[in-house]
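Visitor: If you scroll down you'll find the structure; I have some questions about it.
The values are calculated or read from the model by the stated rules, or taken from the named source; none is laboratory data. Quantities reported herein were computed from a predicted structural model and do not represent experimental measurements. Because the Cβ atoms are built from the backbone with ideal geometry, glycine has one as well, and the counts that use them run over all protein chains shown. Ligands, DNA and RNA are stripped out before the accessible areas are found, and what is left, the full protein with its side chains, is counted by its heavy atoms. Shrake-Rupley method; radii C 1.70, N 1.55, O 1.52, S 1.80 Å.
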Amino acid sequence: MGAYPQIADWNEDGKKDLLVGDTNGKISLFINTGTNSNPVLADSGYIKVDSVNIDVGLRAAPIVYDWNNDGKKDLIVGSESGNIKLFLNTGENNAPVFSGSSNLMLGNEPLWLWRCSPELSDFDKDGKVDLIVGEGYGKVHFFKNTGTIGNPKFEKDVLLYAEERHITVRSCSRVDITDWNEDGHDDLIIGGPNGYVHLFLNSGNVTDINDEPTVIPGDFILYQNYPNPFNPVTTIKFNIARPVEVKLEIYNAVGQLIRKTDYGYLPSGTYKYKWDGKTEMGKKVASGTYIYRMTAGSFTKVRRMLFIK
């Protein structure tokens, strides 16, 4: 179902090692016991946090980077759930130890892109690392670092464009960044679901990035709620492509309608609904799986979420 490889000198012995995120949300470590010109990889098990295997749900997409500029490598991990997890290294650079995790934030809310695959690069050449993210719908997002080298912050999500159209590989874009033609600009190499690898050459600089919002005409989207699982509140985000009558319904596991919001006609745009885990009558629901459905004209989409106590 998919593997997400990342090369890094994990134990600082001068030889490249291999990390692999897997479909089940875990990250395997393979230490190079050979040489750089002839690597021999030894399975060193899963990478752990607080002595437990890191598990981000589904489709772990790891990158290794010194996030807080303390001289020690950290882990940034994308996943199907849409959140990007940050694991800070509390050990040594040659023997990483991770204690807890946090979400990367976009302003005051968790940065969220379904089936996200992050990459890092100083894309605008201002001396600070930026975030570039592929995602489940095949597009590529640019997040400019408005913080510092040791404390990156992101305030705005901008789609990357090529020839006046947003970059897309249909679905599940995975991004690598390199100066392919050695002209001093970062280029994009993007894998997609059909087996092709796409090369996008950068002909300019950051001023050429089309500063458009992430709402794309023609897309009706119901996103996975976040956080998930949740308690006490979760956010349901949805995209409306054109003015249409919209309603959002929440059902319990046996199909009983417990919460409903009729929005009437909504203009195109992106909307968020916060559910507090209560029924229409204000009663707190029990732990378990719940189903939410968006209906927008003839478009209907259903997703599941998990409430825990």
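Visitor: With all protein chains present and a 1.4 Å probe, how do Lys309, Lys144 order by accessible area, largest first?
Guide: Order by accessible area, largest first: Lys309, Lys144.
Visitor: Given contacts defined as C-alpha pairs under 8 Å and at least six residues apart, what's the relative contact order of the stretch 1-130, whole-number percent? Provide the component values of the computation, followed by the final result.
Guide: On the way: 321 pairs, mean separation 23.8, N = 130.
18 percent.
Visitor: Roughly speaking, what is the stretch gain from Thr148 to Ala42, that is 0.36 nm per residue apart minus the C-alpha to C-alpha distance, in nm to one decimal?
Guide: 34.5 nm
Visitor: Using a 7 Å offset from the Cα along the Cα-to-Cβ direction at both Arg303 and Ser171, what is the distance between the two label points in nm, to one decimal?
Guide: 1.5 nm
Visitor: For the pair Ser287/Thr35, report the inter-label distance in nm, with labels modelled 7 Å from Cα in the Cβ direction.
Guide: 5.6 nm
Visitor: How are the alpha carbon pair distances in the chain distributed across 10 Å bins from zero to the largest one, expressed in percent?
Guide: P(r) over the chain, rounded to whole percents: 6, 24, 32, 24, 11, 3, 0.
Visitor: Here's a follow-up. Tell me, in nm to one decimal, what length is gained between Asp50 and Thr279 on full extension, where the rule is 0.36 nm per residue of separation less the Cα-Cα distance?
Guide: On the way: separation 229, 0.36 × 229 = 82.44 nm, distance 3.64 nm.
Fully extending the segment from Asp50 to Thr279 adds 78.8 nm.
Visitor: Name the residue from Asn36, Ile7, Tyr265 whose Cα lies farthest towards the positive end of the charge dipole of the chain, charges +1 on Cβ of Lys and Arg and -1 on Cβ of Asp and Glu.
Guide: Tyr265
Visitor: Greater than 30 Å separation of Cα atoms is the criterion. Which listed pairs, Lys144/Lys272; Lys26/Lys72; Lys85/Lys156; Lys125/Lys237; Lys48/Lys125; Lys156/Lys301, meet it?
Guide: With Cα atoms farther than 30 Å apart: Lys125/Lys237; Lys48/Lys125.
Visitor: All other residues with a Cβ under 10 Å from the Cβ of Gly192 taken together, and with Lys, Arg as +1 and Asp, Glu as -1, what is their net charge?
Guide: So the surrounding residues net to +2.
Visitor: Whose amide H sits under 5 Å from the amide H of Ile258, counting only residues 5 or more places off or on another chain, with H placed in the peptide plane?
Guide: Ile250, Tyr251, Asn252
Visitor: Can I ask one more? So what's the net charge close to Phe87: Lys and Arg +1, Asp and Glu -1, counting the other residues with Cβ under 11 Å from its Cβ?
Guide: Result for the local shell: +1.
Visitor: While we're here: Between Ile7 and Tyr265, what is the label-point separation in nm under the 7 Å Cα-to-beta-carbon projection?
Guide: With each label point 7 Å from Cα toward Cβ, the separation is 5.7 nm.
Visitor: Within the stretch 244-287, list the trypsin sites (Lys or Arg not before Pro) lying in a DSSP loop whose Cβ has at most 13 other Cβ atoms in a 10 Å radius.
Guide: Numbers: sites: Lys247, Arg259, Lys260, Lys272, Lys274, Lys278, Lys283, Lys284; in loops: Lys283.
For trypsin sites (Lys or Arg not before Pro) across the stretch 244-287 that sit outside H, G, I, E and B with at most 13 neighbouring Cβ atoms in 10 Å, the list reads Lys283.
Visitor: Once you have a ≥ b ≥ c as the square roots of the Cα gyration tensor eigenvalues for the stretch 1-61, tell me rounded if a/c is under 1.5, and otherwise prolate or oblate according to whether a/b is larger than b/c.
Guide: Taking the square roots of the gyration eigenvalues as a ≥ b ≥ c, the stretch 1-61 is prolate.
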